[in-house]
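Here's the structure we're looking at; comments come further down.
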Number of protein chains: 2
Amino acid sequence: MLKDRKTIRKYSNKDIPAELLNRLLAESFRSSTMGGMQLYSVVVTRDQTMKQELSPAHFNQPMIKGAPVVLTFCADFHRFSLWCKQRKAEPGYNNLMSFYNASMDTLLVAQSFSLLAEEAGMGICYLGTTTYNPQQIIDILHLPELVFPVTTITVGYPAESPKQQDRLPATGLIHEESYHEYSSSDIDALYKEKEAIQENIQFIKENNKETLAQVFTDVRYKEEDNIIMSDNLLKVLKQQHFI
Amino acid sequence: MLKDRKTIRKYSNKDIPAELLNRLLAESFRSSTMGGMQLYSVVVTRDQTMKQELSPAHFNQPMIKGAPVVLTFCADFHRFSLWCKQRKAEPGYNNLMSFYNASMDTLLVAQSFSLLAEEAGMGICYLGTTTYNPQQIIDILHLPELVFPVTTITVGYPAESPKQQDRLPATGLIHEESYHEYSSSDIDALYKEKEAIQENIQFIKENNKETLAQVFTDVRYKEEDNIIMSDNLLKVLKQQHFI
């Protein structure tokens, strides 16, 4: 059940048979896709040497080497463009809109796969690092132009049972008819529970900060890193001929 | 079941109770989210006047006015940034990487919601038009800076039972260990089934084209439109302070 889900970062030795993995992936490809174009590809990493190569691109998070299967979900306008060229048609998909459309297709499939894998008793972890170091991943997986690694999911059978992560009160994220601007007391109410979690209080101390928000802005998701990564994203998109 | 799913564009008069909708949305918010930040908001449109206003932004596709509920899933770094400012922290999320990260969060939630709604007997349709006319949607829904409409889903109980749309053979989209470049006979094999569908053959005739690919490149997803929409996307991202 989605409402009980937890991200799993430690996996047992039990392997995922190729037949099962491919069946779940095929099912995930039933997700909605723009104009029926299926603008994605999935690269399956099982080989230990390949995992070792990928590991630094994901800041050596242990899930890469620890999971039986690593899936890199890629936005892919390459395959569709090849088809066009082979059919006397001139593809025009080397632009930002096409990249964003292909990214959407890719993320719907990634999420469908995640839910199917969890239903089948596996655990997954999304790695946001994929878009931080796309060039390394492109080189390792030999992604051609008009292919870009959007997200990575590590998959395996759980060898841990972590606490469920907190979520903001749902009604605070749902807006009736139009966006309701948040008052300062709305914000206090929304973040109250998150700020009261013992682990988060500990987090503030460990990082020598005054507030939990400062842990995000000054340590975990810093402006200077975001700016560097944004420039890098543009550079790699250019290199993959998407812009 | 995902493997039997079909996009539904015609809906019965049966309404979706707010309690049910909010429960499914809350459950979808359990999806993985970057650093637990939940970088999304959902705007619920039920009011007929609001649907009428939104309709042109979606090229007057009949699903907008025909569905009991229209959901606009928005990338949202606004709420998180408000929290930061209220907690003596300096948010640094007005950049492309943050926009892309928030888009990812948003799409995972949209897809989780879609699957939950389908499991509950409803039908959905994604509207790719959301990113073609983001400015209109921003104005109508009063989206503040650092909020951007990523995708729209129309939801209701099905009043049609369409054929399932075709998909490429799944193995052609799965790459073992590294991206396998497609040979010209790979491409022929992959698109053979799609090209043989009677409806697609009819499509070529109606559009006075030689190949199905030309219907995509010359009619449905044209380079000139993509270029205009890419420029527009950048313009609106700037205006929403994301770049």
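The values are calculated or read from the model by the stated rules, or taken from the named source; none is laboratory data. Given the structure is predicted, the values throughout are model-derived calculations rather than measurements. Cβ sites come from the backbone with ideal geometry, for glycine too, and all protein chains shown count toward neighbours.
Within region A:76-101, the set of residues being basic (Lys, Arg) and part of a loop (DSSP other than H, G, I, E, B) comprises A:Arg87, A:Lys88.
Return yes or no: is B:Glu223 of a type in the set (Asp, Glu) and under 20 Å from A:Phe242 (Cβ atoms)? Considered against the rule, which asks whether it is of a type in the set (Asp, Glu) and under 20 Å from A:Phe242 (Cβ atoms), B:Glu223 comes out as yes.
For every residue, the table says whether it meets (1) out of contact with any Leu (no Cβ under 6 Å at 6 or more places or on another chain); (2) modelled with pLDDT under 95; (3) within 17 Å of B:Gly156 (Cα to Cα).
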site: B:Ile8; (1), (2), (3): yes, no, yes
site: B:Pro17; (1), (2), (3): yes, no, yes
site: B:Ser41; (1), (2), (3): no, no, no
site: B:Asn60; (1), (2), (3): yes, no, no
site: B:Val69; (1), (2), (3): yes, no, yes
site: B:Leu82; (1), (2), (3): yes, no, no
site: B:Ala89; (1), (2), (3): yes, no, no
site: B:Asn94; (1), (2), (3): yes, no, no
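Looking across region B:36-49, the residues that are closer than 30 Å to B:Tyr93 by Cα and over 19 Å from the mean Cα position of the chain (by Cα) come down to B:Gly36, B:Met37. Find the residue count for region A:44-70, including only residues that are assigned to a loop (DSSP other than H, G, I, E, B), farther than 24 Å from A:Glu19 by Cβ and in contact (Cβ under 8 Å) with a residue 12 or more places away in the chain. Number of matching residues: 2. Against the conditions (1) crowded, with 24+ Cβ neighbours inside 10 Å; (2) touching a residue at least 40 places away in the same chain (Cβ under 8 Å), A:Arg79 satisfies every one except (2). Against the criterion of being under 16 Å from the mean Cα position of the chain (by Cα) and assigned to a helix (DSSP H, G or I), B:Ala26 does not qualify.
Tell me whether region B:116-123 contains one or more residues that are farther than 30 Å from B:Pro158 by Cα and either surrounded by fewer than 24 Cβ atoms within 10 Å (Cβ to Cβ) or at pLDDT 95 or above (or both). No: region B:116-123 contains no residue that is farther than 30 Å from B:Pro158 by Cα and either surrounded by fewer than 24 Cβ atoms within 10 Å (Cβ to Cβ) or at pLDDT 95 or above (or both).
In region B:7-58, the residue that is surrounded by the fewest Cβ atoms within 10 Å (Cβ to Cβ) out of those that are within 9 Å of chain A (Cβ to nearest Cβ) and among the charged types (D, E, K, R) is B:Asp47.
Among all positions in region A:143-165, there is no residue which is surrounded by fewer than 17 Cβ atoms within 10 Å (Cβ to Cβ) and closer than 30 Å to B:His142 by Cβ. Each residue in region B:134-158 was checked for being within 12 Å of another protein chain (Cβ to nearest Cβ) and either part of a strand (DSSP E or B) or closer than 22 Å to B:Gln52 by Cβ (or both), and 16 of them qualify. Right, A:Tyr182: more than 30 Å from A:Gln240 (Cα to Cα), surrounded by fewer than 22 Cβ atoms within 10 Å (Cβ to Cβ) and facing another protein chain (nearest Cβ under 8 Å) or not? The answer is yes for A:Tyr182. Residue under question is A:Cys125, and the condition is that it be part of a strand (DSSP E or B), of a type in the set (A, V, I, L, M, F, W, C), facing another protein chain (nearest Cβ under 9 Å) and touching a Leu at 6+ places or on another chain (Cβ under 9 Å); does it hold? Answer is no for this residue.
Residue-wise test of (1) at the interface with chain A (Cβ under 7 Å from one of its Cβ atoms); (2) in a helix (DSSP H, G or I); (3) not acidic (Asp, Glu).
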site: B:Glu160; (1), (2), (3): no, no, no
site: B:His175; (1), (2), (3): yes, no, yes
site: B:Glu199; (1), (2), (3): no, yes, no
site: B:Glu210; (1), (2), (3): yes, no, no
site: B:Val236; (1), (2), (3): no, yes, yes
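Looking across region B:212-234 at every residue that is surrounded by fewer than 16 Cβ atoms within 10 Å (Cβ to Cβ) and either farther than 30 Å from B:Leu146 by Cα or aromatic (Phe, Trp, Tyr) (or both), the one that is farthest from the other protein chains (Cβ to nearest Cβ) is identified as B:Val219.
As a summary of the residue check, B:Phe73 satisfies the conditions (1) in a helix (DSSP H, G or I); (2) more than 10 Å from chain A (Cβ to nearest Cβ); (3) under 20 Å from the mean Cα position of the chain (by Cα) except for the one numbered (1).
Filtering region A:145-173 to residues that are of a type in the set (Val, Ile, Thr) and out of contact with any Ser or Thr (no Cβ under 7 Å at 6 or more places or on another chain) leaves A:Thr154, A:Val155, A:Thr171. Selection within region A:82-110: residues that are free of Cβ contacts under 8 Å to residues at least 40 places away in the same chain and under 23 Å from the mean Cα position of the chain (by Cα). The member of this set that is nearest to B:Ile228 (Cα to Cα) is A:Met97.
For region B:1-43, the tally of residues that are touching a residue at least 60 places away in the same chain (Cβ under 8 Å), of a type in the set (S, T, N, Q) and closer than 23 Å to A:Leu116 by Cα stands at 6. Checking region A:127-148 against the condition returns a match, with at least one residue being touching a strand residue (DSSP E or B) at 6+ places or on another chain (Cβ under 8 Å), more than 30 Å from A:Trp83 (Cα to Cα) and of a type outside the set (A, V, I, L, M).
The single condition among (1) within 7 Å of chain A (Cβ to nearest Cβ); (2) closer than 17 Å to A:Asp105 by Cβ; (3) of a type in the set (Asp, Glu) that B:Asp105 does not meet is (1). Here B:Gln240 passes the criteria (1) facing another protein chain (nearest Cβ under 8 Å); (2) closer than 30 Å to B:Leu82 by Cβ; (3) surrounded by 19 or more Cβ atoms within 10 Å (Cβ to Cβ) except the one numbered (1). Residues considered: A:Lys88, A:Lys65. Of these, the only one that is touching a helix residue (DSSP H, G or I) at 6+ places or on another chain (Cβ under 9 Å) and more than 7 Å from every other protein chain (Cβ to nearest Cβ) is A:Lys65.
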